[in-house]
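Participant: Once you've had a glance at the structure underneath, I'll fire off some questions.
Read-outs: derived from the displayed coordinates by stated rules, not from any lab. No experiment lies behind these values; they were computed from the predicted model shown. With ideal geometry, Cβ positions are generated from the backbone for all residues, glycine too; neighbour counts draw on all protein chains shown.
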Amino acid sequence: MVIEGFTYHSNITQRLDLEFYESPGFFPVIVGSIMFICSAMLFVRSLKGNSVGEIFQRISEGANALMTKQTLYSVVGIAIMGAYVFVLLPVLSSLLPPNLGYVVSTIIFLVGIMLYLKAGSIIKILLVSSCVVGISYVVVQMVFRAPLP
């Protein structure tokens with residue numbers, strides 16, 4: 001985050017002759033720095049007073065705790081979201097007219113994730129997915145006048 005924040009400053013604000021604190025990269029640099037400091041403090045605190053054997057035992061216990069059914073559900077859900085963001089949305093947005101790619105890919109994503117989670121009958125899932133995409137389209141495009149991905 002810190003490196004990307006400085007990149008924003010060098011790419012955008014130097015052309016506009018703005019100071020760093022006025023750039024869009026200022027907030028990510030602050031947040032990234034705070035996260036780095038907190039992570040370093042947590043890392044040092046976790047190592048303090050423990051032998052190497054105890055540390056490896058805690059790592060092993062944590063790895064075993066991750067091998068649960070809930071973790072598998074989470075990993076598959078994240079994979080479905082990744083497929084939506086990195087595959088489905090870009091491909092359909094490039095093949096279909098503007099905004100239609102977003103609508104179709106988002107409906108496919110919502111139907112897929114709800115089917116995976118067994119959220120209800122297929123009719124209910126299709127109805128909810130269509131309503132959610134329709135409402136988000138109206139709010140984002142027509143009310144806020146913002147572009148959809």
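Participant: Mean-square fluctuation check for the chain, GNM, Cα pairs under 10 Å: which of Leu127, Leu18, Leu88 is largest?
Facilitator: Leu18
Participant: Let me test this: with uniform point scatterers at the alpha carbons of segment 2-66, what is the Debye-based log₁₀ I(q)/I(0) at q = 0.15, 0.22, 0.28 1/Å?
Facilitator: For the requested q values the scattering log ratios are -0.62, -0.85, -1.06.
Participant: Between Pro98, Pro90, Pro24, where does the largest GNM mean-square fluctuation fall for the chain, given springs only between Cα atoms within less than 10 Å?
Facilitator: Residue with maximal mean-square fluctuation among Pro98, Pro90, Pro24: Pro24.
Participant: Please go through segment 60-144 and write out the trypsin sites (Lys or Arg not before Pro) that DSSP classes as loop and that have at most 13 other C-beta atoms within 10 Å.
Facilitator: Qualifying residues, ordered by number: Lys118.
Participant: Based on the alpha carbon coordinates of segment 67-149, what radius of gyration and maximum Cα-Cα distance (Dmax) apply, in Å?
Facilitator: 14.1, 45
Participant: May I pose another question? How high is the FRET efficiency between Val87 and Leu148 when r is their beta carbon distance and R₀ equals 22 Å, given to the nearest 0.05?
Facilitator: Between Val87 and Leu148 the formula returns 0.80.
Participant: Now for a separate question. With the cut-off at 1.5 for a/c, could you classify the chain from its C-alpha gyration tensor as rounded, prolate or oblate?
Facilitator: Cα axes put the chain in the oblate bin.
Participant: Would you mind checking segment 111-149 for residues with the amide N under 13 Å from a putative spin-label position 7 Å along Cα→C-beta of Asn99?
Facilitator: 134-149
Participant: What does the helix-only formula give at 222 nm for the chain: each DSSP H stretch with n ≥ 4 adding -39500 (n - 2.57), the total divided by the residues, and the result rounded to the nearest 500 deg cm²/dmol?
Facilitator: So the helix-based figure for the chain works out to -21500 deg cm²/dmol.
Participant: Shifting gears a bit: Among Gly25, Gly49, Gly112, which one moves the most in a GNM of the chain with springs linking Cα atoms closer than 10 Å?
Facilitator: Between Gly25, Gly49, Gly112, it is Gly25 that shows the largest mean-square fluctuation.
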